[in-house]
Amino acid sequence: MLTLQGIRRLSRFDQVGFLFFDASRKGFWRSFAAAGVCLPIWALAEYQQVASLQNEAALRFLSIQISAYAISWLAYPLLVLQIADWFGVWPNYYRYMVAYNWFQPVLQLIWLPLVLLEFFPIGDDRDMLAVLWLLLEIVQGAYGWFLARFGLGVSASTALALAVIDSALALLIDGIAARL
């Protein structure tokens with residue numbers, strides 16, 4: 001219940017939200033349960049691509065995408081672990097990563113309407129859809145900046161760099177998975 005209060009506060013850019021999370025090693029590992037919370041929305045987004053494939057191709061596609069999903073949940077925390085050490089903010093690592101992980105379902109819910117629009121298009125306005133995707137990327141970047149700035153306790157420019165790195169890493173993992 002405290003986690004939900006923390007998420008609610010963080011979604012309003014309230015720094016007090018960080019206090020509602022278990023920022024211990026145990027809390028860090030438990031926060032990866034958020035990957036399970038995000039899984040249904042991720043599966044819905046992947047379903048459209050899998051539905052058009054034959055059995056063998058669908059299994060290959062799914063195995064690659066599931067691997068990419070797991071890697072995406074592990075790559076950024078590992079990268080931030082090194083960055084936190086470089087910047088001397090290691091004591092804030094768990095606070096940041098626990099909040100970051102538990103905030104991911106909120107970001108998934110923000111993306112859900114656009115995922116659903118791909119299933120049930122309203123007209124054929126691809127430009128509008130592209131603008132909406134861009135706006136949601138900006139919102140995600142703003143939350144990423146906020147979480148890094150006040151969770152990890154880094155400068156505004158470092159927080160911006162972390163938000164960009166997070167997005168770039170996700171694009172890299174998705175791009176590699178798409179090529180496989």
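Structural remarks
- Simple spin-label estimate for residue 110 and residue 37 in nanometres, 7 Å along Cα-Cβ: 1.5
- The Rg/Rh ratio for segment 2-179, using Cα coordinates for both the radius of gyration and the Kirkwood hydrodynamic radius, is 0.99.
- Between the C-alpha center of segment 91-111 and that of segment 9-24 there is a gap of 10 Å.
- Cα centroid separation, segment 127-180 to segment 58-78 (Å): 18
- Span-rule helices in the chain, defined as complete DSSP H runs reaching 27 Å or more along the axis (Cα) with Kyte mean at least 0.0: 55-86, 93-119, 126-147, 156-179
- Spacing of the two label points (7 Å from each Cα toward its C-beta) at residue 157 and residue 52, in nm: 4.4
Only the coordinates and a few stated rules stand behind these numbers; no lab work does. Note that the structure is predicted; figures quoted are calculated from it, not measured. Positions of Cβ are backbone-derived with ideal geometry, glycine not excepted, and every protein chain shown enters the neighbour counts.
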